[in-house]
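The values are calculated or read from the model by the stated rules, or taken from the named source; none is laboratory data. The structure displayed is predicted, hence computed values, not measured ones. Backbone-built Cβ (ideal geometry, glycine too); neighbour counts: all protein chains shown.
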Amino acid sequence: MTSRLLPALFAGAFSLALLFAAPVLAAGKTLDEDNPPPEASEAPEGSMTLDHMDEIVHRLDEDAVREGGMWNFKVADVPVMIVTDEKNDRMRVMVAIRKVDELDSAELMRLLQADFDSALDARYAVAHEILWSAYIHPLAALHDRQFISAIGQTVNLALTYGTSYTSGALVFGGGDSQQLLRRQLIDELQKKGRKA
């Protein structure tokens, strides 16, 4: 994808995130910059909060922007969006990849194959005429390593679109995808996102 399309897709993607998160924004809290959250610790499984999520996101990108239960930030120069819904205990990590107007049936088939065996926990998805990589999960059940891996997998899926179509975590056997992995980004994010 050309670098000219990324800003336009990201702007459109942000608008979609607002649409997806309207209930969250209405009830969400903003980050109090005068009273930063206490230093992060590992969240045990089943106890992820928006404030703890914010600490992790800001370790990955100190320029991350939070608005209630939504974040916009970059990983490996890729714009990433996180949208949460505390009331329904859901979260999604999303990366806009491209407009879908020129996807042919062969490419759609390849995306479905990747969703079966090489996308792992992240997935390719289409919404509002945009192809996304997305990770969707219950919010509270997340723990730190899983959340950081989700971000890495979603970014890897966007970066490998058109080549290996892999999230980088592993390839599930029995499918049609190549055994190409992008584990390096996930490992780097784990080091950066976890408390030393």
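Tabulated results
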| quantity | calculated |
| --- | --- |
| Residue within region 31-45 that is at pLDDT 95 or above, part of a loop (DSSP other than H, G, I, E, B) and either β-branched (V, I, T) or in contact with a helix residue (DSSP H, G or I) (Cβ under 8 Å, 6 or more places away or on another chain) (or both) present | no |
| Positions within region 135-153 being closer than 19 Å to I97 by Cβ and crowded, with 22+ Cβ neighbours inside 10 Å, in sequence order | Y135, A150, I151, G152, Q153 |
| E55 being free of Cβ contacts under 8 Å to residues at least 40 places away in the same chain, under 21 Å from I186 (Cα atoms) and either among the basic types (K, R) or part of a loop (DSSP other than H, G, I, E, B) (or both) | no |
| Single condition A17 does not satisfy, out of (1) surrounded by 19 or more Cβ atoms within 10 Å (Cβ to Cβ); (2) modelled with pLDDT of 95 or more; (3) closer than 25 Å to E129 by Cα | (2) |
| Whichever residue in region 65-90 is in contact (Cβ under 8 Å) with a residue 40 or more places away in the chain and in contact with an Asp or Glu (Cβ under 7 Å, 6 or more places away or on another chain) and, among such residues, is farthest from D51 (Cα to Cα) | V75 |
